[in-house]
Amino acid sequence: MRSDSFGPRSRFSICIPNYNYGQYLGQTIQSILDQSFDDFEIIVADNASTDDSVEVVLKISSPKVRLLQNQYNIGFSPNLDRATETATGRHLLLLSSDDLMRPGALARYAEVLDTLGNDAERAILTSACDVIDGDSALTGVAYRERGDLFYCEVSRVEAEKRSWNDQPLDVTPGNETLAATLRRKDSPA
């Protein structure tokens, strides 16, 4: 197991780029800390927020949380790079600063990666996600149909009719993913 100046290598590095989302950031981090699978680190890259984002992170007393503060706003894309550049985990997860991780998500990701064996090092996982409004009310679910690379959305009512557990693993070769992404000029994840 690799070790470096940040400590032993984690299974997952959960990287959170942030700019002025202090009102959500604490819940986002807590949803990760509450996971049953605990082999992870959390890296928050704050992009010179002018709200209480930094204070929110500093109040969280967990050795799993690391805060990177930009002295000035470097833009969205460079802050994504900043969020991942010091990651020590074998697998990266990018999580928006206003997203919540469902209980058991990391355990499920680990399970799926374990089934892939050596191919796990080249895998990109995506998952369905709840769509909420500004009051945290569920309005729908964004997901990928089996065999489709791009997300679609169903309403809350339709989502409640479906079983989201035990969805089969869907594997798409990288060259097909890249070709479809370039044709559509969109990202599948």
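The values are calculated or read from the model by the stated rules, or taken from the named source; none is laboratory data. Treat the numbers as computed from the prediction; the structure is a model and nothing was measured. Cβ coordinates were reconstructed from backbone atoms using ideal geometry, including for glycine residues, and neighbour counts include every protein chain displayed. When the accessible area is computed, the model is the full protein with side chains, heavy atoms only, and any ligands, DNA or RNA have been set aside. Shrake-Rupley method; radii C 1.70, N 1.55, O 1.52, S 1.80 Å.
Points worth noting:
Every residue, every condition in (1) open to solvent by 50 Å² or more (accessible area, probe 1.4 Å); (2) at pLDDT below 85, yes or no:
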| residue | (1), (2) |
| --- | --- |
| Leu92 | yes, no |
| Leu95 | no, no |
| Val112 | no, no |
| Arg122 | yes, yes |
| Val131 | no, yes |
| Ala137 | no, yes |
| Gly140 | no, yes |
| Ser155 | yes, yes |
| Leu169 | yes, yes |
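- Selection from region 54-82 of residues that are open to solvent by less than 80 Å² (accessible area, probe 1.4 Å) and of a type in the set (D, E, K, R): Lys64, Arg66, Arg82
- Filter result for Arg146 (assigned to a loop (DSSP other than H, G, I, E, B), under 26 Å from Val65 (Cβ atoms) and open to solvent by 80 Å² or more (accessible area, probe 1.4 Å)): no
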